[in-house]
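As structure tokens, the structure follows; a few thoughts come after it.
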Amino acid sequence: MQDPSELYTIETDTPLGDLHASVLLVSLGGFVDAGQTQRLMTEHILATLPHTVVASFDVDQLIDYRGRRPVMMFDRDRWSSFADPSLLLYRVIDADGEPFLVLSGPEPDYQWERVAQAIHQLVGTLGVALTVSIHGIPMAVPHTRPIGRTAHATSSRLIGEHDPLFGALQVPGSASSLLELRLGESGHDALGFAIHVPHYLAQAQFTDAAVVGLECFVSVSGLNIPADELVAAAGLNRSEITQEIAGSEEVTHVVEALERQYDTYIEGRGRPSLLSTDIRDLPTADEIGAEFEKFLRAQTEEG
């Protein structure tokens, strides 16, 4: 493997020892980010809080431009600009003056192991104690009920008592998932949350999921990140979704069926014993996992 440190450039004259931050949020997109959960949350953080660039990655080594062609501007008779992608490590200051880091940009197409090693180096150099990732996954749930989340971590102590929704399943890998695995293997703490997004909104913007994602990040990091603007945007988005669904009888029936399924499932979990409710219509963890795998296969075929 080539030297991982050659993948990034430090973009500040400040000694790195003065830039320590205990939390790193990784926002690299990936195979799926249902409801644009990760993107909306990351954009909100960077738009709300002061930040500076600590390091930049050499995306020319990492990105397949033909697979994700950057936009260029043609002005009358010449090319005038090129929207080159960037993968940047930001140092952000929360509302209480506490620093944390955000790694944001397109998921690398190449050299995942080297990228993971490079981030591992930065984690050590900058004193990061906890690495967090958050994204959306499509689920057979209605948008009219509380939003769920699936937690995963390098150690069970990081997520406490957690009732897994999934059984064992295979999913396409992502750079951030590999990073979490490698950090755990080297003894570093890392965890993530997959926010449950209604499958019929997977390709749309679902800001409520970003709000829940931000709440998860705040709860594990202890940071003070204002959420008012994101919450307000979620309210507007929710109204738009309601109007869209009301205009489609077919989608309305789907949502109503999901509401009944969700309510039955919650009722069953709330009883002293599942024997006191009819569980024949409730999906098992393996069935939920199978449906998720089916969705991912469809995404691969479309791509």
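The values are calculated or read from the model by the stated rules, or taken from the named source; none is laboratory data. All values derive from a computational prediction rather than experimental measurement. Virtual Cβ from ideal backbone geometry, glycine too; neighbours counted across all protein chains shown.
Computed values, structure above
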item: Test result for GLU244, outside any strand (DSSP E or B), closer than 18 Å to ILE147 by Cα and acidic (Asp, Glu); result: no
item: Filtered residue count, region 74-116, keeping only those that are surrounded by 12 or more Cβ atoms within 10 Å (Cβ to Cβ) and either closer than 24 Å to ILE45 by Cβ or touching an Asp or Glu at 6+ places or on another chain (Cβ under 9 Å) (or both); result: 26
item: Test: residue in region 175-195 that is of a type outside the set (Asp, Glu), more than 18 Å from THR42 (Cα to Cα) and in contact with a His (Cβ under 6 Å, 6 or more places away or on another chain); result: no
item: Some residue of region 161-171 being closer than 26 Å to ILE63 by Cα, in a helix (DSSP H, G or I) and either of a type in the set (Asp, Glu) or out of contact with any strand residue (DSSP E or B) (no Cβ under 8 Å at 6 or more places or on another chain) (or both); result: no
item: Positions within region 48-84 being within 27 Å of LEU7 (Cβ to Cβ), in contact (Cβ under 8 Å) with a residue 24 or more places away in the chain and part of a helix (DSSP H, G or I), in sequence order; result: VAL59, GLN61
item: Some residue of region 67-87 being at negative phi and under 17 Å from the mean Cα position of the chain (by Cα); result: yes
item: Condition check for HIS143: touching a residue at least 12 places away in the same chain (Cβ under 8 Å) and within 29 Å of ILE225 (Cβ to Cβ); result: yes
item: Region 102-120 residues that are of a type in the set (Ser, Thr, Tyr), paired with ones that are at pLDDT below 95 (beta carbon under 9 Å, 6 or more apart); result: none
item: Failed condition for LEU201, given (1) crowded, with 21+ Cβ neighbours inside 10 Å; (2) within 25 Å of THR48 (Cβ to Cβ); (3) at pLDDT 95 or above; result: (3)
